[in-house]
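> I have a structure I would like to understand better, so I am pasting it below and will then ask my questions one at a time.
Read-outs: derived from the displayed coordinates by stated rules, not from any lab. As the structure is a computational prediction, the values presented were derived from the model and not from experiment. Note that we place each Cβ from the backbone using ideal geometry, even for glycine, and neighbour counts take in every protein chain shown.
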C-alpha cells in the first residue's frame, strides 16, 4: 500500500518567507532551503532579522492569511484523496501553518514549532527532530507502507532518497544539478501521471 508524503511550501503553497520578504521589503528573507541547505543556519539568521526589524508573529500570520494555494494544488489534493492518504511533512512551524491547512481541508501535518514571548516576538525555533522528513518516511515504511515523496528543496532530499519513489517538484536549477538522480517534474499533471503509474504497477 502506498502513502504520499509531500512538502508544503513550494509544492502546495507559495514560500512563506519569500512573501514575508515582499511584505517587509527585506530582501534577505527571500532566501529559502532552495538556496541554503543548512536549515538551522537559515532559521537562525531569519530570527536575527525579525528581531532587528521588530517583526512579530502577528505580522507573519497576517501575510500567511493572504496566501492562496498554488494554482492547481487544490485539484491535485482532491485527486489524491480519492486514491491515497497524504501526509504533509514540512520544515514550517505550526504557528504558521493553520491558515494554509484550513484551505487544504486540514490534512495531517508533521512540522516544527516556535517559541514566542508575551509580546509576540519569535525568540527561538524548535525542531521536532533531526532530519524529520526522512524519519516520517522511515516510520511509514516500518508500518509496511511504500512511500511516494514530493519535495522541491535541499531539505527534502534525504526524504526523497528514503522513499520508494522520490520526486522533485519544480525545483531550482541548483537543486537539480546537485541531485541529478532524482526525478523532476514541473506540473501537477506530471505528478498525477507518475503517482498513477506507480500505484498501478507497484514499481519504484
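> Ranked from highest to lowest mean number of other Cβ atoms within 10 Å per residue, what is the order of the peptides 158-165, 98-105, 48-55?
158-165, 98-105, 48-55
> Say a paramagnetic label sat at a point 7 Å from the Cα of residue 61, along Cα to Cβ; which residues of region 1-35 have their backbone N under 18 Å from it?
It comes to 16-17, 20, nothing else.
> To test your reading of the geometry: what angle, between 0 and 90 degrees and rounded to tens, separates the Cα axis of helix 132-142 from the longest principal axis of the chain?
With both axes taken from Cα atoms, the answer is about 30 degrees.
> So if we plug the beta-carbon distance of residue 184 and residue 40 into 1/(1 + (r/R0)^6) with R0 = 25 Å, what FRET efficiency do we get, rounded to 0.05?
On the way: r = 27 Å, r/R0 = 1.06.
According to the calculation, E is roughly 0.40.
> To the nearest 10 degrees, how steeply does helix 188-201 sit against the main Cα axis of the chain, on a 0 to 90 scale?
Long axis of 188-201 versus the principal axis of the chain: about 40 degrees.
> Moving on. Considering only 180, 62, 192, give the residue with the highest GNM mean-square fluctuation for the chain, with springs between Cα atoms whenever their separation is below 10 Å.
Comparing 180, 62, 192 in a Gaussian network model of the chain, the most mobile one is 180.
> Please order 8, 127 by the number of other Cβ within 10 Å, starting at the fewest. If you can, show how the numbers build up before the last one.
Values: 8 23, 127 15.
Ordered by Cβ neighbours within 10 Å, fewest first: 127, 8.
> Cα-based Rg (one decimal) and Dmax (whole number) for region 111-153, in Å?
Gyration radius and largest Cα-Cα distance of region 111-153: 15.0, 45 Å.
> Still on this model: For the Cα atoms of the chain, what angle does the longest principal axis make with the long axis of helix 39-53, in degrees from 0 to 90, nearest 10?
Between helix and principal axis, roughly 30 degrees.
> Given just the C-alpha atoms of the chain, how large is their convex hull per residue in cubic angstrom?
Working: hull volume 22.9 nm³, N = 204.
Cα-based convex hull of the chain, divided per residue, equals 112 Å³.
> To the nearest Å, what is the center-to-center distance of region 142-160 and region 81-99, using C-alpha atoms only?
14 Å
> Among DSSP beta bridges lying fully in region 98-204, give the percent that are antiparallel, nearest 5. Could the numbers behind the result be given before it?
On the way: 4 of 11 bridges.
Counting DSSP beta bridges with both partners in region 98-204, the antiparallel share is about 35 percent.
> Additional query: Across the Cα atoms of region 63-176, what radius of gyration and what greatest pairwise Cα-Cα distance (Dmax) are found, in Å?
Every Cα atom of region 63-176 included, Rg and Dmax give 15.2, 45 Å.
> Continuing with the same structure: What does the helix-only formula give at 222 nm for the chain: each DSSP H stretch with n ≥ 4 adding -39500 (n - 2.57), the total divided by the residues, and the result rounded to the nearest 500 deg cm²/dmol? Write down the numbers at each step before the final one.
Details: 9 runs with 89 residues, N = 204.
Rounded to the nearest 500, the figure is -13000 deg cm²/dmol.
> Right, something else. Could you work out the relative contact order of the chain? I mean the mean sequence separation of Cα pairs under 8 Å and 6+ apart, divided by the number of residues, in percent. Let's see the in-between values first.
Numbers: 312 pairs, mean separation 49.2, N = 204.
This gives 24 percent for the chain.
> Here's another thing I want to ask about it. If you take every DSSP beta bridge whose two residues both sit in region 20-149, what share of them, in percent to the nearest 5, is antiparallel?
On the way: 4 of 8 bridges.
The answer is about 50 percent antiparallel.
> Just want to confirm a number: the relative contact order over region 71-129, from Cα pairs under 8 angstrom separated by 6+ residues, in percent. If you can, show how the numbers build up before the last one.
Working: 60 pairs, mean separation 16.4, N = 59.
Relative contact order comes out at 28 percent.
> What full-extension length gain, to one decimal in nm, is calculated for residue 51 and residue 84 as 0.36 nm per residue of separation minus the Cα-Cα distance? Walk me through the numbers on the way to the answer.
On the way: separation 33, 0.36 × 33 = 11.88 nm, distance 4.18 nm.
Residue separation times 0.36 nm, minus the Cα-Cα distance, leaves 7.7 nm.
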